[in-house]
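Chemist: Take a look at this one; I'll ask things after.
Nothing in this text is a laboratory measurement; each read-out follows from the coordinates by a stated rule. What you are looking at is a predicted structure, and each value in this text was computed from that prediction instead of being measured. For neighbour counting, all protein chains shown are included, and Cβ atoms are generated from backbone atoms with ideal geometry for every residue, glycine included.
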Amino acid sequence: MCEILIFGGTTEGRELVAFCDENKIRAYVSVATDYGENLLGKSEYITVLNGRMNEYRISAFIEENGIKTVVDATHPYAVEVSENIKKACLKANIERIRIKRSSGEFFESAKYFDNTRSLVDYLNSTRGKILITTGSKELQEYCKVENFSKRCAVRILPCEENIGKCLELGFSPDMIIAEKGPFSKEKNVIHMKKFGVDYLVTKESGRAGGFEEKIRAAAECSAVPLVIKRPKEQGISFEEAKLKLMSLT
């Protein structure tokens, strides 16, 4: 019987699926998009759930399928999703395991911001080209940057939905990079030099998100890294989560 539900869509989520497959641990894995599902390998031990789930859908799934343990391996910035998972687990009185991504190094060369709005305000006090590497979710906020269609290049996951969103918002087709990361320092440098980037916008995504490689690439390109700080959270490491899953079998 499958009593484990994993929320993925991240590097940790994919690695956890591979771990479950290798150790014959049966689990449901929830991803938000077709792209996220396609990144997961086929396994007789994994049942993939494709589509976004709010608190009520999570609660219903837990009840209907007799879930005993939920693993939250979503992105550190997916605050709303994590909160929905937490509420559903509390309601069902079941165990929730939150995987906390290591923060990584603090860089003196970077400017740190509490949120996207304050970062956009800063950008409007500057001139020069910008590479946005924070994903597609909050792209509409960067439309508030003056002359954004000429100043802002965006790097997104290579799926039609994301590309369509960029074009709909008014980003130039020539300023869109649709590729899957994490990226090496060298690849980041190539992207930055392509647009003559003066500012690199990123999240404090840790080692799994290629944060350090972005910062070091910015230094090589004499660009200023602009970093959205990570929300504070509690959780356990990826290695601890694997041990926990092994104990459930």
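Chemist: When only C-alpha pairs under 8 Å and at least 6 residues apart count, what is the relative contact order of segment 111-228, in percent?
Modeler: Reported relative contact order: 31 percent.
Chemist: If amide H atoms are built 1.01 Å from N in the plane of the peptide, which residues on other chains or at least 5 residues away come under 5 Å of the amide H of C221?
Modeler: none
Chemist: What are the ³J(HN,Hα) couplings of segment 221-235, residue after residue, when phi is run through the Karplus curve with 6.51, -1.76, 1.60 and θ = phi - 60°? Round to Hz, x for glycine and proline.
Modeler: Result, rounded to whole Hz: 9, 6, 9, 9, x, 10, 10, 7, 4, 7, x, 6, 7, 10, x.
Chemist: Please get the size of the charge dipole for the chain, origin at its Cα centre, with Cβ charges of +1 on Lys and Arg and -1 on Asp and Glu, quoted in debye to the nearest 20.
Modeler: Values: 38 positive and 36 negative charges, 89 e Å.
Once rounded to the nearest 20, the dipole reads 420 debye.
Chemist: On to the next question. What fraction, in whole percent, of alpha-carbon pairs in segment 111-228 exceed 20 Å separation? If you can, show how the numbers build up before the last one.
Modeler: Values: 2363 of 6903 pairs.
So the pairs more than 20 Å apart make up 34 percent of the total in segment 111-228.
Chemist: Okay, moving on. Tell me which residues come under 5 Å, amide H to amide H, from T47 once H is placed; ignore anything under 5 positions away on its chain.
Modeler: Here the answer is A27, Y28, V29, since their amide H atoms fall under 5 Å of that of T47.
Chemist: Give me the angle, in degrees from 0 to 90, between the Cα long axis of helix 160-169 and the longest principal axis of the Cα atoms of the chain, rounded to the nearest 10.
Modeler: 40 degrees
Chemist: Amide H to amide H, which residues 5 or more places from S237 or on other chains are under 5 Å from it, using H placed in the peptide plane?
Modeler: The answer is K100.
Chemist: Let me see the pair-distance distribution of segment 1-105: every alpha carbon pair, 5 Å bin width, integer percents in order.
Modeler: 2, 13, 25, 26, 20, 10, 2, 1, 0
Chemist: In whole percent, what relative contact order does the chain give with Cα contacts below 8 Å and a gap of six or more residues?
Modeler: Numbers: 423 pairs, mean separation 49.1, N = 249.
Relative contact order comes out at 20 percent.
Chemist: Starting at the first residue of segment 196-213, write each ³J(HN,Hα) from the Karplus equation 6.51 cos²θ - 1.76 cosθ + 1.60 with θ = phi - 60°, in whole Hz, x for Gly and Pro.
Modeler: With coefficients 6.51, -1.76 and 1.60, one gets x, 5, 9, 9, 10, 9, 8, 9, 7, 8, x, 4, 5, x, x, 5, 4, 5 Hz.
Chemist: While we're looking at this one, here's another question. Determine the calculated [θ] at 222 nm for the chain from helices alone, applying -39500 (n - 2.57) to every DSSP H run no shorter than 4 residues and normalising by the residue count; nearest 500 deg cm²/dmol. Each step should come with its number before you reach the end.
Modeler: On the way: 11 runs with 100 residues, N = 249.
Dividing the helical sum by the residues of the chain leaves -11500 deg cm²/dmol.
Chemist: Which whole-Hz couplings ³J(HN,Hα) result when phi for each residue of segment 140-146 is put into the Karplus expression 6.51 cos²θ - 1.76 cosθ + 1.60, θ = phi - 60°, listed in order with x for Gly and Pro?
Modeler: Per residue, the Karplus-derived 3J(HN,Hα) values read 4, 5, 7, 5, 7, 6, 4 Hz.
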